[in-house]
2 protein chains.
Amino acid sequence: MRRLMLGAVLITAMACATTETPEARTTRMASETAEAKTAIDAINVRYATFMNGNLADSLGSLFAEDGVVMPPNMPAVSGRAAIQAWFAANPMPPGSQVSFTATDVQRSGDIVVERGTSSFTMPASGNTPAMSMPGKYLVHWHWTGGQWLQKSTIWSDDAPAPGGG
Amino acid sequence: MRRLMLGAVLITAMACATTETPEARTTRMASETAEAKTAIDAINVRYATFMNGNLADSLGSLFAEDGVVMPPNMPAVSGRAAIQAWFAANPMPPGSQVSFTATDVQRSGDIVVERGTSSFTMPASGNTPAMSMPGKYLVHWHWTGGQWLQKSTIWSDDAPAPGGG
């Protein structure tokens with residue numbers, strides 16, 4: 001009887017040790033993704049507020065210590081301190097506003113990939129007419145110390161800058 | 001004795017049903033990531049070969065059916081057929097070469113995020129001098145039907161295009 005009991009425990013333990021099935025993985029990812037989308041949407045509101053206020057230190061707090069910002073036509077910027085310095089050196093033009101809309105969020109475990117669209121508007125100023133520029137972005141969020149932080153962030157405009165090449 | 005056996009099975013089953021611990025998740029991701037890096041490196045060699053040969057249909061085969069390409073200064077291109085048409089309409093200049101180097105690959109389950117650098121070179125032609133342009137990219141690879149396919153791909157140059165704005 002003791003042998004039978006041991007056998008039953010071993011069989012249960014072995015079932016437990018098998019790797020995740022594809023079906024279980026799909027179910028897990030769907031549930032994790034719904035939860036993450038809500039969290040990311042909330043962070044993006046703060047992200048836009050920090051951008052529009054040119055709050056470089058607050059912006060940096062949304063990135064992992066080893067986070068990387070990948071701006072168009074500039075080299076990548078690595079590490080939170082360098083990212084804060086970059087935001088301070090590249091402020092938004094006066095009166096301009098940006099907002100972010102996540103269009104596709106996928107999560108598995110500690111990783112979220114967010115694809116989204118951005119809206120940038122700048123009011124008329126002197127001889128410069130008002131401008132509006134749609135864009136797109138991809139963000140790798142990583143679950144880090146109990147919060148989602150940006151590990152890689154890259155974006156581009158949907159058209160060449162007015163007057164640009 | 002039967003009650004004791006049932007109890008042992010239940011306890012084992014309960015231990016099995018608990019959600020993944022943070023430690024288990026970290027270990028799983030490290031193991032999955034090493035395996036994925038090898039696969040992604042191999043695909044990137046084919047990706048560069050297809051780019052350099054302007055093989056639009058082959059390029060499209062590296063993307064998910066609902067994949068999205070996000071080129072700089074152009075709107076995003078959604079879906080494999082549209083991506084193939086986009087590659088056909090935007091070929092590499094004659095003699096130019098691109099290569100990709102994954103600098104950070106993270107995997108969890110069906111998701112891989114690859115951050116990398118690109119190298120683009122173009123030979124001199126007529127009055128146009130030879131050109132070399134480093135760049136960077138972020139790719140969301142998704143495990144789809146037994147292979148890694150690109151779900152989102154975005155990139156940018158590290159400097160403005162020569163003669164551009």
Note to self: I need a count of the residues in the stretch A:46-82 that are over 22 Å from A:PRO123 (Cα atoms), crowded, with 16+ Cβ neighbours inside 10 Å and under 14 Å from the mean Cα position of the chain (by Cα).
What the structure shows: 9
Checklist line | Among (1) touching a Ser or Thr at 6+ places or on another chain (Cβ under 7 Å); (2) part of a strand (DSSP E or B), the one test that A:PRO72 misses | finding: (2)
Note to self: With the requirement that a residue be open to solvent by less than 40 Å² (accessible area, probe 1.4 Å) and modelled with pLDDT of 85 or more, what does the stretch A:1-37 give you?
What the structure shows: A:THR33, A:ALA36
Next item on the list: Evaluate the following for B:SER99: is it in contact with a Pro (Cβ under 8 Å, 6 or more places away or on another chain) and modelled with pLDDT of 95 or more?
Entry: no
Next item on the list: Show the residue pairs that are 6+ apart or on different chains and have beta-carbon atoms under 7 Å apart, the first residue being within the stretch B:83-105 and more than 14 Å from B:PHE50 (Cα to Cα), the second being open to solvent by less than 40 Å² (accessible area, probe 1.4 Å) and at pLDDT below 95.
Entry: B:VAL105/B:THR33; B:VAL105/B:ALA36
Notebook entry, point to check: Has the stretch A:76-84 got any residue that is hydroxyl-bearing (Ser, Thr, Tyr), closer than 26 Å to B:MET133 by Cα and at pLDDT 95 or above?
Noted result: yes
Next item on the list: Please give the number of the condition B:MET74 fails out of (1) in contact (Cβ under 8 Å) with a residue 24 or more places away in the chain; (2) in contact with a helix residue (DSSP H, G or I) (Cβ under 9 Å, 6 or more places away or on another chain).
Entry: (1)
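The values are calculated or read from the model by the stated rules, or taken from the named source; none is laboratory data. Just so we're clear, the structure is a prediction, and the values are computed from it rather than from any experiment. Please note: Cβ atoms are built from the backbone with ideal geometry, for glycine as well, and neighbour counts cover all protein chains shown. Just so you know, the surface numbers come from the protein's heavy atoms only, side chains and all, with ligands and any DNA or RNA stripped out. Shrake-Rupley method; radii C 1.70, N 1.55, O 1.52, S 1.80 Å.
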